[in-house]
Amino acid sequence: MELLQLKYFLTVAKTESVTRAAAYHRIPQPAMSQTIARLEKELGGVRLFDRKNNRIYLNENGRLFQRYVENALLELENGVQAMRSKSENVSGSIRILALEGRRFCFDCVSHFAEAYPHISFSISHDYSGESGGEYDLCISTVRSHGPMQASAPLICEPLVLAVHESHPLSGQKSICLADLRNEKFITMSPRSTLYALTFEHCRSAGFEPHIPFICDDPYYIRKYVSENMGISLAPAISWAGRFRSNTRLIPVSDPPLQMTSYLLWDDKRYLSSAVRTFRDYMLSQASLIEGNLI
C-alpha cells in the first residue's frame, strides 16, 4: 500500500467521482480507477465504494477507512512539520481567516511582519462557508470553526449605536433598543456576527429589525451611516476611530450589548513555530487593548 494510493482514495472519497479525482491529480481516469481497485484488493477485497448507474458512492466501509486514512496522513504531516521546525528560525507562512477583528488583525500582521521579515501571510475575510481546514488561525465570535476546536478569548467589546449627527437620536446619552423598532438598520452579510446579533437583540426587544442595506465591507457600513441612510450597531473597539466626524456613537443601555471574538486553531495539527509565535503575539496584544473586557 502506497502513500499516493491513500491520497488518491481520499480525493475520490470526497468527490465521489473518479473523473474529478483524476483531473485534480492530473492523471488518466483509467489509472485512478485501477488505483482504487488495487487498494480494495489489498484490503482483502473489501469494497469501499458502491457503484450504480456509472457513479460511485462511498459506502460504510469506505467511510470507516476514510477516517483512519485522514488520521494517519494528519499524523504524518504533523511529523513532517515538526522536523522542519527543528531548522526553522521563525520563518514560513501563516494563513489567517479573520471573520472578525479585521483592523486588529491588520495591526498585528503589520507590526509582526517588521519583526519577522521571513514570514509570509495569507489573510482572508471570506464569510462564504469556508471549513477552516485551509487556515492556521481564525478570528471568530464562535468558539469552533471546522477542524479548529481550540480557542482563546481575544476581545470582548460593547456594541454601540452609530447614527448620523442629524438623526433625532444623536443627542441621546444612551439608547433603549426597543426605541429602534421603526429605524432603518445597516448591517453586514447574513453570515456575519453583526447581522446575527442585530437580529437576535432586536427580536429580544420585541421587534424584527428593518434592514434595507446589507454590505460585507465595514468601511461602507460606516460610510452609509455617515450619509444618513440608516443606523447600525457597531463594535466599540474594533471600529473605534473609523467613523466620520458626522457620526455619533451612542451606548446601548437597555440592555447593554457585548460581542466577544476568539482566536481559533486546530490543536490536532502541528503548528509551526511561526504560527505559534504569531498566535501568542496576537493574544498578548489583545490583552493590552484599552477597554477590552476580557
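In the elastic network of the chain, a GNM with C-alpha springs shorter than 10 Å, the most mobile of S272, S17, S140 is S17. What is segment 157-259 by shape, rounded, prolate or oblate, if you read a ≥ b ≥ c off the alpha carbon gyration tensor as root eigenvalues and call it rounded for a/c under 1.5, prolate for a/b larger than b/c, and oblate otherwise? Since a/c stays below 1.5, the shape of segment 157-259 is classed as rounded.
The local environment of A236, defined by Cβ-Cβ distances under 14 Å, has a net charge of +1 under the rule Lys, Arg +1 and Asp, Glu -1. Across Y135, Y24, Y116, mean-square fluctuation computed from a Gaussian network of the chain (C-alpha pairs under 10 Å connected) peaks at Y24. For the pair A31 and A72 in one chain, pulling the backbone fully straight at 0.36 nm per residue adds 12.4 nm over the alpha carbon distance. The S245 and D216 beta-carbon pair, evaluated with R₀ = 22 Å, returns a calculated FRET efficiency of approximately 0.30.
Loop-only GluC sites (Glu not before Pro) in segment 1-66, please: DSSP not H, G, I, E or B, and at most 11 other Cβ atoms within 10 Å.
Counting only loop positions with at most 11 other Cβ atoms within 10 Å, the GluC sites (Glu not before Pro) in segment 1-66 are E2.
Within the chain, the whole DSSP H helices whose Cα atoms reach 18 Å or more along their own axis and whose mean Kyte-Doolittle score is at least 0.5 are 3-15.
Entry note, the chain: relative contact order of 22 percent, from Cα contacts under 8 Å with a spacing of 6+ residues.
One Cα centroid belongs to segment 248-294, the other to segment 184-218; the line between them spans 22 Å. Summing +1 for each Lys or Arg and -1 for each Asp or Glu among the other residues whose beta-carbon sits under 13 angstrom from that of S226 gives +3.
Shown is the FRET efficiency for R181 and S253, computed with R0 = 22 Å from the Cβ-Cβ distance and rounded to the nearest 0.05: 0.85.
Between the beta carbons of K223 and S120, assuming R0 = 22 Å, the FRET efficiency works out to 0.10 to the nearest 0.05. Computed extension gain for N292 through K14, at 0.36 nm per residue and net of the alpha carbon distance, reaches 95.9 nm.
Placing unit charges on the Cβ atoms of the charged side chains and taking the dipole of the chain about its Cα centre, the candidate lying farthest along the positive direction among I139, F121, H201 is F121. Averaging sequence separations of C-alpha pairs under 8 Å and six or more residues apart, then dividing by the length of segment 163-266, give the relative contact order as a whole percent. Taking the mean separation of contacting Cα pairs over the length of segment 163-266, I get 40 percent.
The GNM of the chain, with springs linking C-alpha atoms under 10 angstrom apart, assigns the highest mean-square fluctuation among H167, H25, H145 to H25.
Here, each number is a calculation from the coordinates, and none is a lab measurement. Note that the coordinates shown come from a computational prediction; the quantities given were computed from them, not determined experimentally. With ideal geometry, Cβ positions are generated from the backbone for all residues, glycine too; neighbour counts draw on all protein chains shown.
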